[in-house]
Amino acid sequence: MIEFSVLKKSKKSGARLGVLKTPHGEVMTPAIVPVATLAAVKALRSDEIVATKTQLLISNTYHLHLQPGEKIVKAAGGINKFMNWPKPTMTDSGGFQVFSLGFGRDLGVGKHSIKYYPGKVERAIEKGNQPKYLKMTEEGVYFRSPMTGDELFLSPETSVKIQQQLGADIMYAFDECPPPGATHTYMKQSLARTHRWAKRSLAARTSKQALYGIVQGADFEDLRKESARFIARLDFDGFAIGGDIGESKDESRKILKWVIPLLDQKRPRHLLGMGHPEDIELIVKGGVDTFDCTVPTHYARRGIAFVGKASGVRGGAHEGRVDFTKAALLKDKGPIDATCECLVCQKYQRAYIAHLVRANEITGGALLTFHNLFFFNTYVEKMRERIGKGLL
């Protein structure tokens, strides 16, 4: 399974320096976990991902079940051999798709980090409500395959079975990731079911892979604390904090303060789906060990590079984010970030990358993805150094 050790606890915050040992190597924590939904970080080879300082990847059970199917991944030797990835892996349970393909689709909203888009959710989700495009039952969730239209069923048992065949080092219990705007009565009903599913997920495990339980409860203090206490009592190898964790930094910080103290301090803590650069210090100070986020890769594919100020590095001519869709960058001979040591910043001009992005050449997205992942991993690496020196 896994072993987790806390090497140093901060005296200034809830931050802690640790090491997570898995069958595929060690992860120094805190650490960001890039998303490889279909066993791929878009536009990068596995050896390139390693060169970005990435320590751990998370893939998605629902999507890999659809294609190519868990049997094919297992026959290839498991997800690590299948994608030629030498380092640790996680698989999300499919619980996020209960939101994204359910109420998320109904409401016309998605989620990146702590923000929902396209904006404010007008409709409240009440007790007993069901999404239009999937059906939630006590046994599990009935989806429709977006590829064939065939019915697809996920339950705690089927999710764990699929994850075991995929073969990641760390699996997640099946849950309902709740929508924004859920009322307290809806969340209480949802949480009780998620807790029953957590126990069934544990009972379904037959492999030696680690299994994390997920704390839900939206932004309701009583439900978050109830969930943290319940999940902490079960025999999970680690914990994840999921769902709607707040639409602002203050709300997110508050939710972490409710949950973290109630979890076993000897087990690792993961935060699901949050990690803009401006959020990361909040996450680490809150006591989170690992966190996954699509921001570095999602933004790169849309022509956005993270630079300078957001990483705590001074000296960049443009601090924060650079939009490579802008024509003005076609005349810029400098690197993405003069302070960055990644191979893209050492070898390529902004002008060339802007040309690639504006011409919709896939190489532009690949170069920005490499830089962004290196940038985020370096930022978190520096945070680990600060914790070690007692500065965070």
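The values are calculated or read from the model by the stated rules, or taken from the named source; none is laboratory data. Because the structure is predicted, anything quoted here is derived from the model rather than measured. Cβ sites come from the backbone with ideal geometry, for glycine too, and all protein chains shown count toward neighbours. Note: accessible area is taken over every heavy atom of the protein model, side chains too, but ligands, DNA and RNA are not part of it. Shrake-Rupley method; radii C 1.70, N 1.55, O 1.52, S 1.80 Å.
Return yes when L223 is open to solvent by 10 Å² or more (accessible area, probe 1.4 Å) and more than 19 Å from the chain's Cα centre (by Cα) and no when it is not. Judged against the criteria, L223 is not a match.
Note on the range 323-391: enclosed helices (runs of 4 or more DSSP H) holding 2 or more residues that are in contact with a Ser or Thr (Cβ under 8 Å, 6 or more places away or on another chain) and closer than 17 Å to A43 by Cβ are 350-358, 362-388.
Residues are listed down the side, and each one gets a yes or a no for (1) buried (at least 21 other Cβ atoms within 10 Å of the Cβ); (2) in contact (Cβ under 8 Å) with a residue 60 or more places away in the chain; (3) under 24 Å from E281 (Cα atoms); (4) in contact with a helix residue (DSSP H, G or I) (Cβ under 8 Å, 6 or more places away or on another chain):
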{"residue": "S10", "(1), (2), (3), (4)": "no, yes, yes, yes"}
{"residue": "I32", "(1), (2), (3), (4)": "yes, yes, yes, yes"}
{"residue": "S46", "(1), (2), (3), (4)": "no, no, no, yes"}
{"residue": "L56", "(1), (2), (3), (4)": "yes, yes, yes, no"}
{"residue": "Y62", "(1), (2), (3), (4)": "yes, yes, no, yes"}
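Give the range 34-44 a look and list any residue that's in a loop (DSSP other than H, G, I, E, B) and in contact (Cβ under 8 Å) with a residue 40 or more places away in the chain, or say none. Spell out the reasoning first.
Of all residues in the range 34-44, those in a loop (DSSP other than H, G, I, E, B) come to 36-44.
Across the range 34-44, the qualifying residues are A36, A39, A40, V41, K42, A43, L44.
Applying the condition of being among the charged types (D, E, K, R) and out of contact with any strand residue (DSSP E or B) (no Cβ under 8 Å at 6 or more places or on another chain) to the range 143-189 and asking which residue is most open to solvent (accessible area, probe 1.4 Å) yields K161.
Taken over the range 79-107, residues that are open to solvent by less than 10 Å² (accessible area, probe 1.4 Å) and assigned to a loop (DSSP other than H, G, I, E, B) amount to 4.
Please find, within the range 237-272, the residue that is surrounded by the fewest Cβ atoms within 10 Å (Cβ to Cβ) out of those that are in a loop (DSSP other than H, G, I, E, B) and of a type in the set (G, A, S). So that I can check it myself, show each step before the final result.
Within the range 237-272, the first condition is being in a loop (DSSP other than H, G, I, E, B), and the residues that meet it are 237, 242-248, 263-268, 272.
Narrowing the set further to residues that are of a type in the set (G, A, S) leaves 242-243, 246, 248.
Numbers: G242: 29, G243: 31, G246: 16, S248: 10.
This residue is S248.
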